[in-house]
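Structure first, commentary second.
The values are calculated or read from the model by the stated rules, or taken from the named source; none is laboratory data. Worth saying up front: this structure is predicted, and the values here are computed from it rather than measured. Note that we place each Cβ from the backbone using ideal geometry, even for glycine, and neighbour counts take in every protein chain shown.
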Amino acid sequence: MTDWPAHGRWVPMTTVRVLTPLAGGVGARFVGRSSLAVVGLDVLGFDDPMEVTLWRPPSGTGPGRCEVRKLGRVVTGTAAFDVVPVPQDDGRPLTRVVWEEDIQIAPRALTRFLAPLVALAGRLAFTATLRTMGRELTARR
């Protein structure tokens, strides 16, 4: 979940680059670039810079949590996810991921009227992202 550059494989039309020497821990910064590329040209896109504000890796059977602050001109707010181990009778590892975001999208005067549509699009995008991520991680095992 905190392999920030890998999010580029999981999130459609997005690349991610780490801006700090360490990608993990409080203070780590990275930027996601979401764009529509036509013939290799970035014709419509925006940067989503973020900074890690809470970093608690999972330990033993305890959950982990990561919180980030979104610092961009287009998307501001916070995002967080919990990684919770789920015991299985057959001993196979299983993890539940809870992802939450409280964001504002500029220009606020226009997007506040579109909030239900933006929320639905976000929910669909995050579901697709987590499924893609899950398939990749399952294939690695």
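One table, with the values for the structure above:
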{"quantity": "Residue ID - nearest to residue 70 (Cα to Cα), chosen from residues in segment 99-130 that are surrounded by 13 or more Cβ atoms within 10 Å (Cβ to Cβ) and of a type in the set (Ser, Thr, Tyr)", "calculated": "111"}
{"quantity": "Test for residue 54: is it modelled with pLDDT of 85 or more, in contact with a Cys (Cβ under 7 Å, 6 or more places away or on another chain) and of a type in the set (A, V, I, L, M)", "calculated": "yes"}
{"quantity": "Some residue of segment 2-22 being assigned to a loop (DSSP other than H, G, I, E, B), of a type in the set (A, V, I, L, M, F, W, C) and in contact with a helix residue (DSSP H, G or I) (Cβ under 8 Å, 6 or more places away or on another chain)", "calculated": "yes"}
{"quantity": "Within segment 100-141, tally of residues that are touching a strand residue (DSSP E or B) at 6+ places or on another chain (Cβ under 8 Å) and touching a residue at least 12 places away in the same chain (Cβ under 8 Å)", "calculated": "11"}
{"quantity": "Residues of segment 82-100 classified as among the aliphatic types (A, V, I, L, M) and under 15 Å from residue 133 (Cα atoms), total", "calculated": "4"}
{"quantity": "Any hit, segment 126-133, residues being under 18 Å from residue 60 (Cα atoms), under 20 Å from the mean Cα position of the chain (by Cα) and of a type outside the set (A, V, I, L, M, F, W, C)", "calculated": "no"}
{"quantity": "Matching residues, segment 76-98, being surrounded by 15 or more Cβ atoms within 10 Å (Cβ to Cβ) and either closer than 24 Å to residue 45 by Cβ or not β-branched (Val, Ile, Thr) (or both)", "calculated": "76, 78, 79, 80, 81, 82, 85"}
{"quantity": "Tally of residues being in contact with a Phe, Trp or Tyr (Cβ under 7 Å, 6 or more places away or on another chain) and either among the small types (Gly, Ala, Ser) or farther than 21 Å from residue 130 by Cα (or both) across segment 1-60", "calculated": "6"}
{"quantity": "Filter pass, residue 30 being surrounded by fewer than 16 Cβ atoms within 10 Å (Cβ to Cβ) and either without any contact (Cβ under 8 Å) to a residue 40 or more places away in the chain or not in a loop (DSSP other than H, G, I, E, B) (or both)", "calculated": "no"}
{"quantity": "Any hit, segment 36-56, residues being surrounded by 13 or more Cβ atoms within 10 Å (Cβ to Cβ), among the small types (Gly, Ala, Ser) and free of Cβ contacts under 8 Å to residues at least 60 places away in the same chain", "calculated": "yes"}
